[in-house]
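What follows is one structure encoded as structure tokens, with my remarks underneath.
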Amino acid sequence: MPVRDVRDGSRDRIWLLASKEVLATRRLPAFATARVVDVGVQGDLAYIVSECVHGPSLERRVREQGPRDADSLIRLSIATVAALGGIHSAGIVHWDFRPGNVLLGADGPRVIDENPRERPSAADLMLALSL
């Protein structure tokens with residue numbers, strides 16, 4: 001997870017932003033993504049620290065070794081869809097799903113996202129559509 005620079009807000013607003021994201025990510029099933037291990041505010045910076053997943057991204061693996069064989073691709077697809085299903089069932093929207101955000105850990109793929117967000121409500125969507 002990146003360190004967010006939110007210097008334009010108050011310390012209370014910064015903490016609210018960080019804590020809301022952490023609460024959202026803590027609802028995620030452990031198999032789906034890298035776990036959140038710490039959150040805080042240092043000065044004007046809010047931060048979220050996640051576990052280290054040892055392994056390359058899918059993007060890097062394909063770039064270095066070429067496309068996966070059929071059986072490997074089927075296993076990867078099933079595990080990745082299960083991870084996305086777990087993320088969505090926790091009420092989180094993944095805004096940037098791409099090969100660079102799929103980490104190939106020894107225990108299976110993990111879907112990561114630098115900007116996890118709670119699923120917007122119907123009212124939020126209607127407001128956005130009216131703008």
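May I ask you to list the residues in the range 97-111 that are part of a loop (DSSP other than H, G, I, E, B) and basic (Lys, Arg)?
Arg98
Taking into account only those residues within the range 40-70 that are of a type in the set (Gly, Ala, Ser) and surrounded by 13 or more Cβ atoms within 10 Å (Cβ to Cβ), which is modelled with the lowest pLDDT?
Filtering first and then ranking leaves Ala46.
Looking at the range 61-70, can you tell me whether even one residue there is small (Gly, Ala, Ser) and either touching a residue at least 24 places away in the same chain (Cβ under 8 Å) or assigned to a loop (DSSP other than H, G, I, E, B) (or both)?
Yes, that holds for at least one residue.
Answer with yes or no whether Leu73 is more than 15 Å from the chain's Cα centre (by Cα), over 23 Å from Cys52 (Cα atoms), at pLDDT 90 or above and not in a strand (DSSP E or B).
yes
Return the residues of the range 79-96 that are surrounded by 14 or more Cβ atoms within 10 Å (Cβ to Cβ) and in a loop (DSSP other than H, G, I, E, B); say none if nothing qualifies.
The answer is Ala90, His94.
For the range 77-97, which positions are closer than 20 Å to Cys52 by Cα and either modelled with pLDDT of 90 or more or among the small types (Gly, Ala, Ser) (or both)?
Within the range 77-97, Ala79, Thr80, Ala83, Gly86 qualify.
The values are calculated or read from the model by the stated rules, or taken from the named source; none is laboratory data. Only a predicted model underlies this, so the values are computations on that prediction, with no experimental measurement involved. Note that each Cβ is placed from the backbone with ideal geometry, even for glycine, and that neighbours are counted across all protein chains shown.
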